[in-house]
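**Student:** Before we start, here is the structure in question, set down as C-alpha cells.
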Amino acid sequence: MGATASNTTVQPSKLTAAQHAATPPPGCPMHQDSQPASPPSGCPMHQAAGSTPPEQNGGPPVPAHQERAYEFVECPMKAAAGGDKMPHDIDPANMMPPPNQTPAQDQPFPLPVNREVSTIPRAGSDKKWVYPSEQMFWNAMLRKGWRWKEDDLGPQDMTNIIKIHNQNNEQAWQEILKWEALHAEECPCGPSLARFGGKAKEFSPRAKIRSWMGYELPFDRHDWIVNRCGKEVRYVIDYYDGGEVDKQTYQFTILDVRPALDSLGAVWDRTKVAWWRWTS
C-alpha cells in the first residue's frame, strides 16, 4: 500500500483531495447549525437525518445493516448482547449478509466486536461507513471456506488484518477524491460512497494487459459506486502486493484506482489525467 499506482499524479489548476475532504461550502445542509431548509439540488445525498428518505427522492437506499453498525461503535458489548435484529438477507450496498458478531463454534479465542467508523461518507445519509469488527471478519473468512486450524493465527493477527483492511479502504477513498476533484464545481458538497463489491476473480482489462507484459496480477479487485451529487460513477480498484507491511501505518498494498471506462465522462477524465502526466 506504500506507493499508489493511480493515474491522478498531476492535477494542474484543480482542487486537491485535501480540499475536497475539507469542510464543504455553506450550501451543504449537514453543516448548518440552524434549522435547515430544503437541501440544494447539488447535494441530494447529504440530507440531514430525519428528512425524507433518499430512496423516495430517487437517491440511493441507505444500507440496512450499516444503520445498526453504530451500536457496535458506541457500546459494542451491549449491542452484541442484543442479538441479530436485522433480517437475514443480502445487503445490496456491499453484497454481504447481515453482520454476524457471534463467535464460531470451534473458535479458539474470543475476538472484539467493536467497530470503527471510517472517513468515507455514506450516500443517502449524513453518517460514515462503518468497518467490520474482528469477529465479523473471522466469520466472513469462514463463510468463504477458510479454516483456522490450517493456519497459525492468533488474536493479534486478526487485529493486524482489520487494521490493514481499514487502511486499504481509507487509501482507496483518498485516491477517489483525487479523481473527484476534477468535478468539484458540479458537486461542491463532495462525493459519497453508495455501494461496493468485490470481484477478486474478475480481472480488469488493465490488469490483464499488465500481466501480458510480465507484471503480477492483482490479488483483489473492488468496484466502488460513488454518488457524485446524484450521479453514480463506478470506480475500479486493483490491489497489488506491495511487500512488507509497514508496522506503523499498516500500509503494504499498491492500489490502482481509476474511473471505469463505461461513460464518455470517465474516458475524458482519464484522457486528461494521462495527458497531464505525459506533458508535465
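**Student:** Using modelled backbone amide H atoms (1.01 Å from N, in-plane), which distant-in-sequence or interchain residues come within less than 5 Å of Arg258's amide H?
**Tutor:** The answer is Val236.
**Student:** Continuing with the same structure: Let me check I've understood the local charge: for Asp241, count other residues with C-beta under 15 angstrom from its C-beta, Lys and Arg +1, Asp and Glu -1. What total comes out?
**Tutor:** The answer is -4.
**Student:** For region 169-280, what does the accessible surface come to per residue with a 1.4 Å probe? Please give it in Å². Walk me through the intermediate numbers first.
**Tutor:** On the way: 5840 Å² over 112 residues.
Result: 52 Å² of accessible area for each residue.
**Student:** What Kirkwood Rh does region 125-197 have if only Cα atoms enter the pairwise 1/r average? Answer in Å. Provide the component values of the computation, followed by the final result.
**Tutor:** Details: mean 1/r = 0.0672 Å⁻¹.
14.9 Å is the Kirkwood radius here.
**Student:** State whether region 158-271 is rounded, prolate or oblate according to the following rule on the C-alpha gyration tensor (a ≥ b ≥ c being the square roots of its eigenvalues): a/c under 1.5 gives rounded; otherwise a/b larger than b/c gives prolate, and the remaining case gives oblate. If you can, show how the numbers build up before the last one.
**Tutor:** On the way: a/c = 2.09, a/b = 1.30, b/c = 1.61.
Oblate, because a/c is 1.5 or more while a/b does not exceed b/c.
The values are calculated or read from the model by the stated rules, or taken from the named source; none is laboratory data. The structure displayed is predicted, hence computed values, not measured ones. So basically every Cβ, Gly included, is an ideal-geometry build from the backbone, and we count neighbours across all protein chains shown. Only protein heavy atoms, including side chains, enter the accessible area calculation; ligands, DNA and RNA are left aside. Shrake-Rupley method; radii C 1.70, N 1.55, O 1.52, S 1.80 Å.
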